[in-house]
Ligand code: BTN
């Protein structure tokens, strides 16, 4: 990934650029920008994209559509491991970055980044665009990785976006190979160590059959389903599949 790297100071969106021109560039192309004026988040949200935020997208192809929902988890893990690889040489204490399912990255209880995976199907392939936004040194939104590192790190100015980009893509390559050869189950324990939901109880609202009433049920999160959603159980061990 990143053998072809398209850099622009400003773009509408690195994600839109690659989605709309998927076949114009080789698979593995990375697009990176300092500023985006139409940054995209998951579910049609806007992604605040000021200078100082690390923003990039890259392409890949998958034959098996069942693997596609897991890619966002592989990427989230790669982002965290990339941050740790860069920071381990610089900080006294590692910033604890965790995954809030499905695609948010949190530190100190606040969102510092997010992952966006979109795909289209053509000619027997899933054409996937992966986007990562990481608040490294931006003033807005106010929570940013370097602010956190400031408290931990003797010289936070040495943390650069290009170094993080290289480390994240490097980790992704390693994890992606494992994922392709052994499936997500080989990465699952690493993933669960990094997410915020182990043993978490959440409240669900269920529609009562044949009526417009809703009832509340509490379920415990167990992990991911084989299709890439959230698996939870209630007190009577009935299973639930939760979608974002
Ligand atoms: C989210 O948290 O909803 C995902 C945010 C993803 C933002 C990145 S920034 C680089 C790439 N280009 C975009 O327009 N979006 C993604």
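When the Cα gyration tensor is reduced to axis lengths a ≥ b ≥ c, the ratio a/c is 1.5 or higher for the range 173-235, and with a/b above b/c it is classed as prolate. Comparing Cα centroids, the range 192-207 and the range 1-34 end up 35 angstrom apart.
With the cut-off at 1.5 for a/c, could you classify the range 63-103 from its C-alpha gyration tensor as rounded, prolate or oblate? Oblate is the answer for the range 63-103, as a/c is 1.5 or above yet b/c matches or exceeds a/b.
Between 121, 191, 229, the residue with the greatest mean-square fluctuation in the GNM of the chain (Cα pairs under 10 Å linked by springs) is 121.
Helix 68-88 versus the longest principal axis of the chain: what angle, 0 to 90°, nearest 10, using Cα atoms? Tilt relative to the chain: about 50 degrees. Dividing the mean sequence gap of close Cα pairs (under 8 Å, 6+ apart) by how many residues the chain holds gives a relative contact order of 17 percent. For the chain, modelled as a Gaussian network with Cα springs under 10 Å, which listed residue fluctuates most, 50, 102, 26? Between 50, 102, 26, it is 26 that shows the largest mean-square fluctuation. What the Cα convex hull of the chain gives, in volume per residue, is 152 Å³.
For the residues 44, 183, 223, a GNM of the chain with alpha-carbon springs under 10 Å puts the largest fluctuation on 44.
Rg over Rh for the range 200-244 works out to 1.00, both radii taken from alpha-carbon positions and Rh defined as the Kirkwood radius. Please give the helix 161-182 orientation as an angle from the longest Cα principal axis of the chain, in degrees from 0 to 90, rounded to the nearest 10. Relative to the chain, helix 161-182 is tipped by roughly 40 degrees. Computed over the range 201-242, relative contact order equals 27 percent, with contacts defined as Cα pairs under 8 Å that lie 6+ residues apart.
Rule-based calculations on the coordinates, nothing more; no lab input. These numbers were taken from a predicted model, which means no experiment stands behind them.
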